[in-house]
Ligand SMILES: CC(C)(COP(=O)(O)OP(=O)(O)OC[C@H]1O[C@@H](n2cnc3c(N)ncnc32)[C@H](O)[C@@H]1OP(=O)(O)O)[C@@H](O)C(=O)NCCC(=O)NCCS
């Protein structure tokens, strides 16, 4: 993926994507906390998730870095997958990391037999929504009051689906 990314965006930071293992749990927990979600993921929860055979976790790294600067995690079931979370470190946003990460992750999910990918995104989260739409995700429904917000209110979730076949 790194060479393709460089070709498409020659002036951007060199990056590579890689599968994550339980040794990356602390990095994932740190990045997840930077995602601005109401409920954080603890390192032990991340380790258990990554070690789960039904879960696919990928990371994006800059240059020769050893710590991921973004991650995406999905749960697989039969020929479907659900993206549970995707986060890029704030300092790396808007530099193609999310796009490279999602491209590698969707290719992996397809390779592993997924034909449909689902996810939920908070209404108003335009960076995420635009990223998903770029890959062909389409809205399939809305859930009012789905996300608890830090201020005690609840936000609507937009359910999206991508057909990989
Ligand atoms: C969503 C997120 C992963 C995008 O990562 P990123 O590395 O900044 O994304 P990229 O630089 O690869 O951008 C890819 C596309 O996403 C969209 N996008 C990303 N950031 C955007 C922004 N601030 N405003 C509008 N569109 C944006 C654009 O379509 C962009 O393509 P373009 O640069 O050609 O316009 C990142 O903003 C993030 O970690 N957000 C916090 C966590 C989160 O909300 N996760 C989603 C939960 S459902």
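For 146, 132, which order do you get if you count the other beta carbons within 10 Å of each Cβ and list the fewest first? Don't skip to the answer; put the middle values down first.
On the way: 146 15, 132 24.
Fewest-to-most Cβ neighbours within 10 Å comes out as 146, 132.
DSSP beta bridges fully contained in segment 2-163 are about 90 percent antiparallel.
Kirkwood radius for segment 119-165, taken over all pairs of different Cα atoms as the inverse mean of 1/r, rounds to 11.1 Å.
Taking the chain as a Gaussian network, where each spring joins two C-alpha atoms under 10 Å apart, which residue of 35, 63, 98 fluctuates the most? Fluctuation is largest for 63.
All alpha carbon pair distances within segment 2-163 were sorted into 10 Å bins beginning at 0; the resulting P(r) in whole percents reads 10, 39, 40, 10, 0.
The value of relative contact order for segment 7-157, using C-alpha pairs under 8 Å at least six residues apart, is 19 percent.
Every number here is computed from the coordinates shown, using simple stated rules; none is lab data. Remember, it's a predicted structure, so these values are computed and weren't measured experimentally. Positions of Cβ are generated from backbone atoms using ideal geometry, with glycine treated the same way; all protein chains shown enter the neighbour counts.
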